[in-house]
Amino acid sequence: MLEFDGLHKAYGGNQGLQGGGVTVAPGQMDGVCGANGAGKTTTMRIAMGLARADAGQVRWRGQPLDEASRQRIGYMPEERGLYPKMKVAQQLAYFARLHGLTAADAAAAAEHWTERLGLGDRRDERVEKLSLGNQQRVQLAAALVGRPEVLILDEPFSGLDPVGVDSLAEALLEQCRNGVPVVFSSHQLDLVERLCDAVGILARGTIVASGTVPELRAAEGGRQLRVVAPDALHGWAGALPGVRVVSEQRGDTLLELGPGTDDQAVLAAALRTGRVTHFGWREPTLVELFREAVAAPAVAA
Amino acid sequence: MTGIASPSTAARIRLVAGREITTRARDKGFLISSAVIVLLVLGVMVFQLLAGGSGSSTTIGTVDGGAQVEQALVRSGEQVGTDVTVTEFADVAAARQAVADGDVDAVLVGGAGDDPQVVVESSRDDAASGIAGTAVGALSVARQLGEQGVQLTPPPAISYDVLDPATEGNGQQVVVALLGVVVLYALYILFGQFVAQGVVEEKSSRVVELLLATMKPWQLLAGKILGLGVLGLIQIVLIAVIGVTGALALDVVDLPGQLIGTVLTVIAWFVLGYALYASIFAAAASLVSRQEDLGSVLTPTTLLLVVGFIVSIQAAQDPGSTVATVTSFVPGMSPLVMPVRIAAGEAAGWEIAVSVALMLVAIALVVRIGGRVYAGALLRTGSKVKLREALRAERA
């Protein structure tokens, strides 16, 4: 279990971080979304000991993270950083050794991850000579090369082409299947939705929503029911008890059901108007959930 | 999960130091500057050899000479500190040819007779002709005294009573110390720059964030300073070995024991001075995020080095001067001035002890404060960090 618990941090006049918590289980992939300046990077930096929290802590297996346990975390900072003049394999082996691998293991790990991430023929090149996309892969390899037990990645997908995204996603899923909790932040919400078991939405320095995507959908009050009944007369649903019409356009109606309202009764009413070509709960995408959560005044979910 | 032990502090520092050494040792700038310093030391020695006063020699030919004339020539050469090599020629024509060809500097014809003659190529060769003249005079006096029946006994040997034996041969020691100080100055600047560039490289490339996720700032700093320090020590020892071997081989020094003592003193001062300057340079460099801004933060420290260097050159001429005495206690300047004073035999034991103690105190202070500045400024990229901010903001 990796737990972020009640982190607070003030930044000059800004609000900074204001509590909120997320728990990531082993083998779980957790995506953190948030607007710019919401506190994603600060949260990760606190976890890595690069910033100090005013209050709250980050725990791994029940223990607050300390220097020794941080050694077991693979980290990818938002500001990418590698030695520009060092060769790829040499550099990765160095990072692996800093994480406690022996010289031989470190060299093998560097070999493995360069191969795995498609950098096999770039091992002896200086990092500064690589394309940005390849540098990004080296950066990821630097996070993976120390046999991490936890992965904390700040915007790992930014700057990658679709092929790169796929190979990175695959590598992360594999780590996840091996029982490594993975936390990453991203602006690419479709990616988060596709990859993650759980999502945390960060806004104004606090977690405004967290849980699995279905949970978030369920928590989202006033789900909408879309009914398409081409023959229905305008205003057919207006009289139904507990139903509010959100929009209606040539038989395509969007309804919001009050608590306890039976959706089957709505279907029956629609069928009485004639043909029904579509009847279904409209699943909000993560993007919509995100907009909703971020727009709402700070109410922790 | 495999339980990988987190590396110990010593292991981390070793790893960082190892990286510094391996990457620097392959660096072109490092290799070139090392070669320049070695060439400089060798150049100074060759210069010493060529300009040295004891090295002059001359070749004088004789016609109708003999053992007596040869001896007289060698002895009168000794009086003016010149080695004389004597060559006997069969006749005057051959001797004149040898002078014309430059094989000999002068020819003494009939040196023991009544009508001696000196052949030189031009009137400028007066050293050789002077020696020939003195020899002829000595021969003539000896012959006349012999004819009068006077027996010559050699003059009694003089025993010398030297009041201050410590200053014996100090001129040479001072030259060696000064040469050592030049090397020290070059290495301080060079390795100080290496440390500073390394710090800024890590900061500007932001790799520092990745590093600090695995270790503490002071461990990174210690590894960097130690690694480059070991490299610097290897280099100065190498220079010393080349210098001492060369000096002994070329026979430019009279007292090898004292030479080695002076060289060891310089090396010891290198360690002290490097510890101080590397720490200051690292802390100063951590305030900026770009190599271009490095100059502005390093200038005050570099200035101290330059002043120390200038004073040490002056101290070589006048080791007892007030300026030299005072600055040999000032931390930062003492590594450059003190070795010269020690070599000149001007520094008392207690003075050296106080100077070293002051230096150690300064190092302890700089490491403490510099370490805080470094830790506070390392993660603040962008504009230049103010010193006060850095001191306050350790891992804010």
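The values are calculated or read from the model by the stated rules, or taken from the named source; none is laboratory data. Remember, predicted model here, so these are calculated numbers, not experimental data. Glycine gets a Cβ as well: all are built from the backbone with ideal geometry, and neighbour counts include every protein chain shown.
Numerical summary
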quantity	calculated
Qualifying residue in the range B:279-302 (condition: closer than 23 Å to B:LEU365 by Cβ and among the basic types (Lys, Arg))	no
Which listed residue is part of a helix (DSSP H, G or I), over 24 Å from the mean Cα position of the chain (by Cα) and away from every other protein chain (no Cβ under 14 Å), from B:VAL385, B:VAL367	B:VAL367
Selection within the range A:143-166 - under 14 Å from A:TRP113 (Cβ atoms) and touching an Asp or Glu at 6+ places or on another chain (Cβ under 9 Å)	A:ARG147
Any chance B:VAL136 is over 42 Å from the mean Cα position of the chain (by Cα), surrounded by 20 or more Cβ atoms within 10 Å (Cβ to Cβ) and in the same structural domain as B:ALA72 (by TED's automatic domain parsing)	yes
From the options A:GLY164, A:GLY118, A:GLY159, residue that is more than 9 Å from chain B (Cβ to nearest Cβ), assigned to a loop (DSSP other than H, G, I, E, B) and either at pLDDT 90 or above or more than 26 Å from B:VAL200 (Cα to Cα) (or both)	A:GLY118
Helices (runs of 4 or more DSSP H) within the range B:198-317 that include 1 or more residues closer than 24 Å to B:PHE47 by Cβ and at pLDDT below 90	B:217-250, B:256-285, B:294-317
The lone exception for A:TRP60 - which of (1) within 21 Å of the chain's Cα centre (by Cα); (2) surrounded by fewer than 20 Cβ atoms within 10 Å (Cβ to Cβ) it fails	(2)
Test: A:ALA142 is within 10 Å of another protein chain (Cβ to nearest Cβ), surrounded by 16 or more Cβ atoms within 10 Å (Cβ to Cβ), hydrophobic (A, V, I, L, M, F, W, C) and out of contact with any strand residue (DSSP E or B) (no Cβ under 6 Å at 6 or more places or on another chain)	yes
Every residue from the range A:167-183 that is within 14 Å of chain B (Cβ to nearest Cβ) and either among the aromatic types (Phe, Trp, Tyr) or surrounded by fewer than 16 Cβ atoms within 10 Å (Cβ to Cβ) (or both)	A:ARG177, A:ASN178, A:GLY179
Residue pairs meeting the criteria (Cβ under 6 Å; at least 6 apart or on separate chains; first farther than 20 Å from A:HIS112 by Cα, in the range A:72-98; second among the charged types (D, E, K, R) and surrounded by fewer than 22 Cβ atoms within 10 Å (Cβ to Cβ))	A:GLU78/A:GLU155; A:GLU79/B:ARG206; A:GLY81/B:ARG206; A:PRO84/A:GLU128; A:LYS85/A:ARG126
A:THR102 vs. criteria surrounded by fewer than 19 Cβ atoms within 10 Å (Cβ to Cβ), in the same structural domain as A:THR212 (by TED's automatic domain parsing) and of a type outside the set (D, E, K, R)	yes
Strands (runs of 3 or more DSSP E) contained entirely in the range B:13-117, each with at least 1 residues that are more than 16 Å from B:VAL136 (Cα to Cα)	B:57-63, B:83-89
Candidates B:ARG75, B:ARG26, filtered to the one that is in the same structural domain as B:ILE225 (by TED's automatic domain parsing) and surrounded by fewer than 16 Cβ atoms within 10 Å (Cβ to Cβ)	B:ARG26
Filter result (buried (at least 21 other Cβ atoms within 10 Å of the Cβ) and free of Cβ contacts under 8 Å to residues at least 60 places away in the same chain) within the range B:348-375	B:SER355
Candidate set: the range B:103-117, residues that are closer than 16 Å to B:THR85 by Cα and modelled with pLDDT of 80 or more; chosen: the one surrounded by the fewest Cβ atoms within 10 Å (Cβ to Cβ)	B:ASP103
Residue list for the range A:45-61, restricted to those being more than 10 Å from every other protein chain (Cβ to nearest Cβ) and not aromatic (Phe, Trp, Tyr)	A:ILE46, A:ALA53, A:ASP54, A:ALA55, A:GLY56, A:GLN57, A:VAL58, A:ARG59, A:ARG61
Contacts under 8 angstrom Cβ, first residue in the range B:63-77 being among the basic types (Lys, Arg), partner surrounded by 24 or more Cβ atoms within 10 Å (Cβ to Cβ), 6 or more apart	B:ARG75/B:ALA135
Verdict on B:LEU190 being away from chain A (no Cβ under 14 Å), modelled with pLDDT of 75 or more and in a helix (DSSP H, G or I)	yes
Qualifying positions in the range A:74-107 - facing chain B (nearest Cβ under 7 Å), of a type in the set (A, V, I, L, M, F, W, C) and touching a strand residue (DSSP E or B) at 6+ places or on another chain (Cβ under 6 Å)	none
Residue in the range A:26-39 that is nearest to the chain's Cα centre (by Cα), counting only those that are within 11 Å of A:THR206 (Cα to Cα) and surrounded by 24 or more Cβ atoms within 10 Å (Cβ to Cβ)	A:GLY34
Residue in the range B:301-322 that is within 27 Å of B:LYS386 (Cβ to Cβ) and among the hydroxyl-bearing types (Ser, Thr, Tyr) present	yes
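Residue-wise test of (1) touching a residue at least 24 places away in the same chain (Cβ under 8 Å); (2) touching a Cys at 6+ places or on another chain (Cβ under 7 Å); (3) within 14 Å of chain A (Cβ to nearest Cβ).
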position: B:PRO7; (1), (2), (3): no, no, yes
position: B:ALA11; (1), (2), (3): no, no, yes
position: B:GLY43; (1), (2), (3): no, no, no
position: B:VAL84; (1), (2), (3): yes, no, no
